[in-house]
Amino acid sequence: MSRRPSDYQRICVKIGSALLVDENGLRREWLQSLCDDLKMLTDAGKEVIVVSSGSIALGRRVLGLPKGLLKLEQAQAAAAVGQIALAQAYSEILRERDLSAGQILLTLQDTEERRRYLNARETIGTLLKLKAVPIINENDSVATNEIRYGDNDRLGARVATMASADLLVLLSDIDGLYTAPPQQNPDAVFLPEVPQITPKIEAMAGSAGSAMASGGMKTKIDAGKIAQAAGTTMAICSGKVMNPLQALENGTRSTWFPAQDSPTKARKRWISGHLKPTGVVHLDNGALKAVRAGKSLLPAGITATEGAFRRGDAVQLQDTQGNDVGRGLITYDFGEAALLIGRNSTEIEAILGHPGRAEMIHRDDLVLTPDCSSDS
């Protein structure tokens, strides 16, 4: 396992509130140094995603709200104001470095409901293809539980796994995981690597250590469990320094949670083992040959469909003899899919009356049964 961000292709960086905002407002100089790091990675051909806290912390200062715990409606109002200021700062600073920023507002529900999950995933993927930097904020102006429980670390992990990122970096106000909170226990031992998150590891997590932050080490451990299970390596390191990603590149102290598998393999294992199919898609011999070769399933290779599936549902794939050959996440509702059976992808807009995706099932969302894949 490499401990250099530049050795990973798709990198998700989660930034805590206390790093971005202090008593004087936005820490602009620090944010500029972080954007220098993002520029360094993009110039090296890497894809970067930013999951940023800070909207409530920034908005409460703009609105002059008092210190301490805010009422839910105050926190939502602060987020509404802070999101604008934060997005403007990212946009301006990245533009100075010839990078474009694209803002996406999410809640945990957007990463749990498959239709919304697919929409967000495709937006992130398209922004990366267009060489833009997705800046993802939790949608705190409408969220409820997310504000109260501080799920930004978990959101970072879910975004990383949604985007099939190789690496998730949690920039924090602490440089990694210790056997006990180091501020309280001078005998606490630093852990440079956590191969597996066990109950013993979970018991080491402390509570939130900053008035500006809403989550502590526990949410970071939870994020590590999500990331490792999905094939994403995770690192926790201090963001208090300038150019924190460059510092991580140079070997600064950090705790690493190595992935046990690649994001693609982990995702396909999830599709094959954890989702119940809600329909059937029948393939002709040409389509079967194509998916065996690692290609996406196109409408032209489909002979029939069964079931009232919805976009994002898992469907079973069958060959001309009715044998199960795999399963995948379908990109169309059953009604639209029925209209596209056997048709060329170039006809989709004319048939449906609106642009659509060329693939009925993208290769990243498709897994073959062992017997079928072994014949390829």
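The values are calculated or read from the model by the stated rules, or taken from the named source; none is laboratory data. It should be emphasised that the depicted structure is a prediction, and the values quoted were computed from it without experimental measurement. In this analysis, Cβ positions are derived from the backbone assuming ideal geometry, glycine residues included, and neighbour counts consider all displayed protein chains.
Within the stretch 91-102, restricting attention to residues that are surrounded by 18 or more Cβ atoms within 10 Å (Cβ to Cβ) and in contact with a strand residue (DSSP E or B) (Cβ under 6 Å, 6 or more places away or on another chain), which residue is nearest to residue 45 (Cα to Cα)? Don't jump to the end; show me each part of the working.
Taking the stretch 91-102 as the starting set, the residues that turn out to be surrounded by 18 or more Cβ atoms within 10 Å (Cβ to Cβ) are 93-94, 99, 101-102.
With the extra rule that they be in contact with a strand residue (DSSP E or B) (Cβ under 6 Å, 6 or more places away or on another chain), the set shrinks to 94, 99, 101-102.
Numbers: 94: 16, 99: 13, 101: 17, 102: 18 Å.
Selected residue: 99.
Here is a check on your reading of the model: is residue 88 loosely packed, with under 15 Cβ neighbours inside 10 Å, out of contact with any His (no Cβ under 8 Å at 6 or more places or on another chain) and not in a loop (DSSP other than H, G, I, E, B)? So residue 88 passes the test.
Just one residue in the set 108, 65, 130 is surrounded by fewer than 22 Cβ atoms within 10 Å (Cβ to Cβ), closer than 30 Å to residue 217 by Cβ and in contact with a strand residue (DSSP E or B) (Cβ under 9 Å, 6 or more places away or on another chain); that residue is 108. Counting only helices (runs of 4 or more DSSP H) that fall entirely inside the stretch 94-202 and contain at least 3 residues that are out of contact with any Phe, Trp or Tyr (no Cβ under 9 Å at 6 or more places or on another chain) and among the hydrophobic types (A, V, I, L, M, F, W, C), the qualifying elements are 114-129, 152-162.
Only residues that are assigned to a helix (DSSP H, G or I) and farther than 22 Å from residue 119 by Cα: list them for the stretch 288-314, please. Full working, then the answer.
Of the stretch 288-314, the ones assigned to a helix (DSSP H, G or I) are 288-292, 299-301.
Result: 288, 289, 290, 291, 292, 300, 301.
If you go through the stretch 253-277 and keep only what is in a loop (DSSP other than H, G, I, E, B) and either crowded, with 16+ Cβ neighbours inside 10 Å or not polar (S, T, N, Q) (or both), you end up with 253, 258, 259, 261, 275, 276, 277.
Would you point out the residue of the stretch 341-358, among those that are assigned to a loop (DSSP other than H, G, I, E, B) and within 31 Å of the chain's Cα centre (by Cα), that is surrounded by the most Cβ atoms within 10 Å (Cβ to Cβ)? Please lay out each step first, then the result.
Pass one, the stretch 341-358, residues assigned to a loop (DSSP other than H, G, I, E, B): 341-344, 353-358.
Checking the rest, the ones that are also within 31 Å of the chain's Cα centre (by Cα) come to 354-358.
Details: 354: 8, 355: 8, 356: 18, 357: 16, 358: 14.
Result: 356.
If you take just the helices (runs of 4 or more DSSP H) that sit entirely in the stretch 1-78, which of them hold at least 1 residues that are of a type in the set (D, E, K, R)? In the stretch 1-78, 28-43, 55-63 are the helices (runs of 4 or more DSSP H) which contain 1 or more residues that are of a type in the set (D, E, K, R).
Take the conditions at pLDDT 90 or above and among the charged types (D, E, K, R) and apply them to residue 202. Does it pass? Taking the combined requirement at face value, the residue does not satisfy it.
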